[in-house]
Amino acid sequence: MSALVCHEDGKLVVEQMPVPEPGPGDALLRISHCGICGTDLHFATGRIPHGTIVLGHEYSGVVVAVGGDVTDWAPGDRVVGGPGLGCGACARCLAGTPHLCPTGEHWGGAGNGSWAAFRRVDAGRLFRVPDGLDLRVAALAEPVAIALRAIRRGGAGAGDRVLVTGVGSIGLMAVALLVDLGAEVVVREPSANRRARALRIGAAQALEPGSPPSTDEPFAAVIECSGRPEVMEQAVPSLERGGTLVLVGLGSEARPAIDATRLTLWEGTVTGSLDYSRAEFADAIALLASGRLPVTDLLEPDDVPLDGVADVLPRLARGELAGKVLVAPGTTCDL
């Protein structure tokens, strides 16, 4: 099979690899689509050290074979890959949050390996794609689930004023979800393309960094997706009393200097948000199937073949492409 291999120096090369054989508890999938994530950019640019690896963890596909112990899935089933079951014994796993499992080998995310024609996956990670939901759209399940968890941790709802800082793919998903909830959304983002896209999906304002909002009214929540420490620092004074800053973005080694006095006197909260629970992943699929989200604006219109990914990554890093870019093995495009 063809697979896009990321080597230790970050070079991306399409190579021929054996089609993996499913183990007793595995399923073999033919990959339909897989998103390009900010984490993939970090791998390819060397910000995350790694060995030789096939990237891609936001995937949808079709089951083509299953292992002997698998009874819930059969060839032809349409699926997306979500969190695993973790160790299955600790309090976090039993609560449905395997991404918080303290046993390192049971990490909860969907796992790499989907920039390829086929992938092997633990069948426990699979979620069924509802009839009528296109596999291309279903590949958005993971970033939607990440944004959904962040919003829920911030406690924002209808009528709340919410600031989203950084509207890459996760920030853009957060904007769409908040608009669907009935919140008033303001975004801060340096890329003009991304600001325009955020307005298109319903943001009330889209500001450049440093630009003042149209009103001094504070925010019930800030969903921080840029990963920049100075943005985190600036977010705290913008919170209303009892407001919540949710940290989603990663990537900077610098540590923010948070105004602890302000947080104490205003009873503000700063919390992190990582990945998603199994329930939130299922909710994300249901939201995509409902038709309530503006998926046309959340996605770039053209898919990328394996040999086109290396050319697209710099454009994503510069903010030239505002929507989620999907990799489709064997596809050709002019992105």
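Determine the shape class of region 110-238: with a ≥ b ≥ c the square roots of the Cα gyration tensor eigenvalues, call it rounded for a/c under 1.5, and otherwise prolate if a/b is greater than b/c, oblate otherwise.
It is prolate, given that a/c is not under 1.5 and a/b is the larger ratio.
So what are region 82-169's ellipsoid semi-axes, whole angstrom, largest first, if each one is the square root of 5 times an eigenvalue of the alpha-carbon gyration tensor?
Taking √(5λ) for each Cα gyration eigenvalue gives 25, 21, 13 Å.
Once label points are set 7 Å from the Cα along Cα→Cβ at both Ile258 and Arg200, what is their separation, rounded to one decimal in nm?
Taking the simple label geometry, Ile258 and Arg200 are separated by 3.5 nm.
Provide the FRET efficiency to the nearest 0.05 for the Glu230-Cys87 pair, computing r from the beta carbons and using R0 = 45 Å.
Once rounded, the FRET efficiency stands at 0.75.
Mind pulling the per residue volume of the convex hull built on the Cα atoms of region 194-324? Å³ is fine.
So the per-residue hull volume is 161 Å³.
Rounded, prolate or oblate: which fits region 1-127 when a ≥ b ≥ c are the square roots of the eigenvalues of the alpha-carbon gyration tensor, with rounded for a/c under 1.5 and prolate only if a/b beats b/c?
oblate
Can you give me the accessible area per residue for the chain, using a 1.4 Å probe, in Å²?
In whole numbers, the chain has 43 Å² accessible per residue.
Over region 114-204, calculate the relative contact order: mean separation of alpha carbon pairs under 8 Å at least 6 apart, over the residue count, as a percent.
23
Using mean Cβ contacts within 10 Å as the protection proxy, how do 195-206, 47-58 order, highest first? Display every interim value, and only then the final one.
Numbers: 195-206: 19.5, 47-58: 16.8.
The most tightly packed comes first, giving 195-206, 47-58.
Can you compute the modelled spin-label distance between Glu267 and Ala279, with each label point 7 Å from Cα toward Cβ, in nm?
The answer from the label model is 2.5 nm.
What does the C-alpha gyration tensor say about the overall shape of region 270-314? Classify as rounded when a/c is under 1.5, otherwise prolate if a/b is larger than b/c, or oblate. Display every interim value, and only then the final one.
Working: a/c = 2.45, a/b = 1.48, b/c = 1.66.
Here region 270-314 falls in the oblate category.
Roughly to the nearest percent, how much of the accessible area of the chain is carbon and sulfur, given a 1.4 Å probe?
50
Take the Cα of Arg47, step 7 Å along the line toward its Cβ, and report every residue of region 234-258 whose backbone nitrogen sits under 12 Å from that point.
From region 234-258, the list is 249-254.
With N residues in the chain, what two-decimal value do you get for its Cα radius of gyration over 2.2 N^0.38 Å? Working shown, then result.
Numbers: Rg = 19.8 Å, N = 335, 2.2 N^0.38 = 20.0 Å.
Output field value: 0.99.
Compute the relative contact order of the chain as a whole-number percentage, counting only Cα pairs closer than 8 Å that sit 6 or more residues apart in sequence.
18
Ranked highest first by average number of other Cβ atoms within 10 Å, how do 284-296, 34-46, 155-167 line up?
In decreasing order of mean packing, 284-296, 34-46, 155-167 become 155-167, 34-46, 284-296.
The values are calculated or read from the model by the stated rules, or taken from the named source; none is laboratory data. The structure presented is a predicted model; accordingly, all values stated were derived computationally and were not measured. Every residue, glycine among them, receives a Cβ derived from its backbone with ideal geometry; neighbour counts consider all protein chains shown. Each accessible area value is taken on the protein alone, full model and side chains, heavy atoms only, with ligands, DNA and RNA left out. Shrake-Rupley method; radii C 1.70, N 1.55, O 1.52, S 1.80 Å.
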